[in-house]
Structure formats: structure tokens, C-alpha cells
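The values are calculated or read from the model by the stated rules, or taken from the named source; none is laboratory data. Here the structure is a predicted model, which means the values were calculated and not measured. Positions of Cβ are generated from backbone atoms using ideal geometry, with glycine treated the same way; all protein chains shown enter the neighbour counts. Side chains included, ligands, DNA and RNA excluded: accessible areas come from the protein's heavy atoms. Shrake-Rupley method; radii C 1.70, N 1.55, O 1.52, S 1.80 Å.
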Amino acid sequence: MYKTSLVILNNMIHNRLQPSRQHFGYDFCMHHPEPPLYHGGIIKDGTAGFQKMETGSLSPAFVLFNLTAVTRYSFSCWLKINRGADSALLRAKLTSGDKTLNCIGTSVAKRGCWSFLKGGFVLDAPSETSVIFFQNDDESKAIDISVASAALQPFSVEQWEIQQNASIRTKRKRAVAIHVSDAEGNRVGGASVSVQQISKDFPFGSAIAKTILGNSNYQAWFVDRFNAAVFENELKWYATEPEPNRLNYTLADQLLQFIRSNQILARGHNIFWEDPKYTPAWLRNLSSSDLSAAVSSRIHSLLTKYKGDFVHWDVSNELLHFDFYERRLMNPNASLDFFVEAQRADPLVRVFMNDFNVVEGCEDGKSTVDAYVGRMRELERGGVVMGGVGLEGHFGKPNVALMRGVLDKLATLGLPIWLTEVDISSRFDRQTQAKYLEEVLREGFSYPWVNGIILWTALHPNQSCYQMCLTDDDFQNLPAGEVVDRLLSEWRTKETTGESDDHGLFSFDGFLGGYKVAVSYGNRSVETTLFLNRGDETEHFNIQL
């Protein structure tokens, strides 16, 4: 079955010289490597040499000449362990002059079968000579590996943007044909038609906190922009039950009332946080049996109270990095049990994993794309119906070529992907934050399997946010806010007016979402609404005068 699936996926990965939007990577170990993407790109002759690894063993290496700055380089290959280990996390690295990019892609390689690596890089400066090689994440083991079907394909910024815009046109927009007729079904030409978008299909939002409560200016600013939200801390266990059996949902209830009154979609964040620093202090020394009772009470208290209010729940936050509950409950399946119990408590909610350093980069060995996919598959095998892929998205300097490669591999799960906590590190100045934010948002919005984007930009007094603010305290845009407003405007259908033609037809291309349509002819007029869902065919609407 796996082989058949991969043949289909491979047919969907085109070798055209453009950034492939047939977004699939491979998460199975194959008996034979597939042909190289892009016919190998600028890697034509296979392995060009060897590079000595830290363990003293030799890594296959590719010597590259005259790489250019800013170009997006997509890198892929197939890896196999010949001897030295049954499996190993391999990291593709690139040296360029005196600089080293420590990770341009990862894959868990195995003995005797081929694993797929997909990533990429962007250079700050041109390089006359560069080398791509591979490092074993466990430096204590000397292993022998083979590499096959390597490909390195360069794309200019313009080519990358053209492809992004093409993806947006086909996946975020749809052609519409409005047919105007009279009561007898006769076509009406020359009718005045006005189309105005009134809602967006794509969830784009931000975290909010208690600071928005009672702040009418903040509320108006938020509602004017966003159709999705997540509570920054107000639903976390340490906030709702700071002492045992003393539940306090007051702030969460008030935030939810604001959300409901403005018809904003909300994610539930989170039921459990595996990082012991963020578990309630009173939990940390409970016996295993008392802790088990407490976590069951937490699930049922939270999901019974808010049944149907949140579209998602992050069940075990940052599960790839931490394992507080597994250790304290002495149960390696504790998180699996949490997911199963949460689904029983609210069968309508979609349950998510949520973690950091999955899409932001690949140097973190705990949260590689293979680790994420593997844990998701494990939960599914345990009976969990996973709702989607949650990627926090706390970026330093983005690497959009790597980001796309990671998303490609996550897309093999066949689940909606959400960027759940997007921001740019505060170590950059505000103009740089804005530049990097735009790169991330454009890549996320144009990626077909990304179903929503949430920024982590809850505003606190004195322009305080976790890493990045969109406005000052008077709600005047900072550079990142300018980027958000510009993109929100760009990704919305402008009000469109015109007349039906001789066939009674009026057409337009619109972003997915809700529309108000007004049609008039002579002394007759009609107002109606329509909703554009995703689809490849032209959407047809009939309006009778």
C-alpha cells in the first residue's frame, strides 16, 4: 500500500523548473530511491566527493560553484544507512567560505532502505565554492551512508513570488459567474451589478489576552482586521486552576464573550502543557494516582464547560520537547490517553499537536519534521482522529526554502496545517521583523494545505508583546502592523461593479468567503448573499430580477 501511495505522490511532484506546488514529501522508507526532483537541477553527476564528519567517518558531499545571494535553493535527496546504526537523524549542512549553515534539511535514515530529505537554503552573500554534506545527530556513532537522487534547484525571488501568486489564485480564489435573468428566465443584459466581500474564508488572526477586555479601542482595532483568535494564557491550567479545586474561568469567559459577540473563530490553547515550568505548582509533587485524577478532572471540566466553543484544542502542548505527564504518571501512553479522552469529552472538536522549531528551522533535534510526523502517526495508530498539524512559528530569520520543504513533508499526513503562534524574534529591529514576517505570511498563505494563520501578538501595556507587536499603545501601526494590514487588503476582493453583458453574465475572480451582491435594472433590484468555497471550477450563481 505504501508503495502505491508513493507512486501516486511521485507522479504529483513535477520536475518542471518552478518551485513545485504539488506539495508532497515522503515519510516512508523505500526499497529504491525515486528519481531526483527537477532532474537534479544543478546537481548533475551525483556525489562529487566526501566530507569528514565529526565522528571521523566520511559523508558524501556535493561541491557547488557560484551560488548567488537571495536565490531560493530547493535541496532534496534520498539517504540510506549502510552500516554503523539501524537508524539515525541525519542533518544536511552547507559550508560556504568561512560560514556554515548548520541545517538545510533533516531525515531519519535507516539501514537497508531509502528515506527522503527535503529542505533548502538562502544565502546572504554569493559564494564561489560551497559544499553540502551530512552529519549524524548522534556524534558518538560513526556510520556509513549512501545518498541518491540528489537535486538542487535555484529559484529567483521573482520566480518564487510568481509561483506563490499562482498558488493563491488557484487555491485561495475562485472564478464566479453571475447570471442575471427576469422572472421568465430571459437573460437581462445591461443590469447594474455590485459585489462586495463581507467575510473571509481563510482564518487569519492573533492571540489576545485580558488586556483587550474593557479596551474599546483595542477591540475595534482587532475586529476590524481579524476573524480568528486564541487566548494567550487565560485557558492554560495554571491560569484556570492556580490552586487545587479552585477553578476560575472568569477571564476566559469574558474573552469568549468578546469572541462570540463578534463572530470570531477561536482555537483552544491548551489543555496540557508538557513543559514542567508551566504546569501548576501544586501538580508537581502529586502522587501518580492523584495526578491521574487531576488530569481527568481537567479534561472534563474544561471540555464540558466549553463544549462546541472552540474549533481546535491543543491537547498536549510541545509534546516533542517535554514529557512531564508521561514521566510523573509513569505511563508512556499518557498523552495518547489525553487525546482519546478529550475526543470523547467533545466529539466535535478537532484535536491538535502544537510545537515549536518544526517549521522555523531544523537544528532542533527534538522537533524535526520526521519526529513530528512520527508522533502523529503514533497517535493515529492509538486510535486518535487527529484534527490537524499545529506549528507555532516563532521565527528567527526565516528560511522559506526550508519552510516549504518541511510543509511538503507534513502534507503527507493529509491533515490541515495551521501556523498557530507566528512572530519574529525581538532580537531584530522592527523594520527587519516586518520584512521577515512578510516572508513567512506569504509562504504560509500561498501554501495550499495551510488552513489558518494566528499571530502571537497579544498587546500588553507599554508596547509589550511576547516578541513582536503590531501597534503601539495608541493602536498606530508599527512596521509589522503595516505588513499585516497591507496583506489583509491584498488578500481581499476589492468592491467590484459593472454591468451584465448581452448574455446576462457578470463575472469576477474573488477570494474565498462571503459576498453581498446587489443587482438592479430599471425599477427592479435584488440584494442577496453568496459564499465562495474552495473549488477548481467556476462557481455559477443565478439571480432573478
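Values as computed for the structure displayed
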| item | result |
| --- | --- |
| Failed criterion for A293 (all others in (1) crowded, with 16+ Cβ neighbours inside 10 Å; (2) without any contact (Cβ under 8 Å) to a residue 24 or more places away in the chain hold) | (1) |
| Sole residue being part of a strand (DSSP E or B), among the acidic types (D, E) and open to solvent by 10 Å² or more (accessible area, probe 1.4 Å), chosen from E158, E139, E128 | E128 |
| Positions within the range 402-427 being out of contact with any Gly (no Cβ under 8 Å at 6 or more places or on another chain) and farther than 26 Å from L94 by Cα, in sequence order | L413, G414, S426 |
| Selection from the range 519-545 of residues that are open to solvent by less than 30 Å² (accessible area, probe 1.4 Å) and part of a strand (DSSP E or B) | V519, L530, L532, I543 |
| For V450: the one exception among (1) surrounded by 15 or more Cβ atoms within 10 Å (Cβ to Cβ); (2) without any contact (Cβ under 8 Å) to a residue 24 or more places away in the chain | (2) |
| All positions within the range 497-538 that are small (G, A, S) and either over 39 Å from the mean Cα position of the chain (by Cα) or under 15 Å from R187 (Cα atoms) (or both) | S500, G504, S507, S520, G522, S525 |
| Filter pass, S146 being within 26 Å of G481 (Cα to Cα), open to solvent by 30 Å² or more (accessible area, probe 1.4 Å), more than 21 Å from the chain's Cα centre (by Cα) and polar (S, T, N, Q) | no |
| Residue satisfying all of: in the range 223-241; closer than 20 Å to P276 by Cα and polar (S, T, N, Q); most open to solvent (accessible area, probe 1.4 Å) among these | N233 |
| Contacts under 7 angstrom Cβ, first residue in the range 248-262 being hydroxyl-bearing (S, T, Y), partner open to solvent by less than 70 Å² (accessible area, probe 1.4 Å) and part of a helix (DSSP H, G or I), 6 or more apart | Y249/T240 |
| The range 494-506, subset open to solvent by 80 Å² or more (accessible area, probe 1.4 Å) and in a strand (DSSP E or B), residue farthest from L545 (Cα to Cα) | T497 |
| Considering residues of the range 56-81 that are open to solvent by 40 Å² or more (accessible area, probe 1.4 Å) and among the β-branched types (V, I, T) only, the residue modelled with the lowest pLDDT | V63 |
| Residue within the range 335-348 that is under 30 Å from R260 (Cβ atoms), among the aromatic types (F, W, Y) and assigned to a helix (DSSP H, G or I) present | yes |
| Filtered residues of the range 68-113 (kept if more than 24 Å from C29 (Cα to Cα) and aromatic (F, W, Y)) | Y73 |
| Residues satisfying the stated conditions in the range 194-222, i.e. under 24 Å from H394 (Cβ atoms), part of a helix (DSSP H, G or I) and open to solvent by 10 Å² or more (accessible area, probe 1.4 Å) | K210, T211, W221 |
| Only listed residue being out of contact with any Lys or Arg (no Cβ under 8 Å at 6 or more places or on another chain), modelled with pLDDT of 95 or more and closer than 30 Å to A69 by Cα, chosen from R381, R404, R375, R298 | R404 |
| Residues of the range 242-287 classified as among the charged types (D, E, K, R), open to solvent by 20 Å² or more (accessible area, probe 1.4 Å) and either farther than 20 Å from G452 by Cβ or in contact with a Lys or Arg (Cβ under 7 Å, 6 or more places away or on another chain) (or both), total | 5 |
| Elements of type helices (runs of 4 or more DSSP H) in the range 396-493, at least 2 residues being closer than 28 Å to L152 by Cα | 400-410, 430-446 |
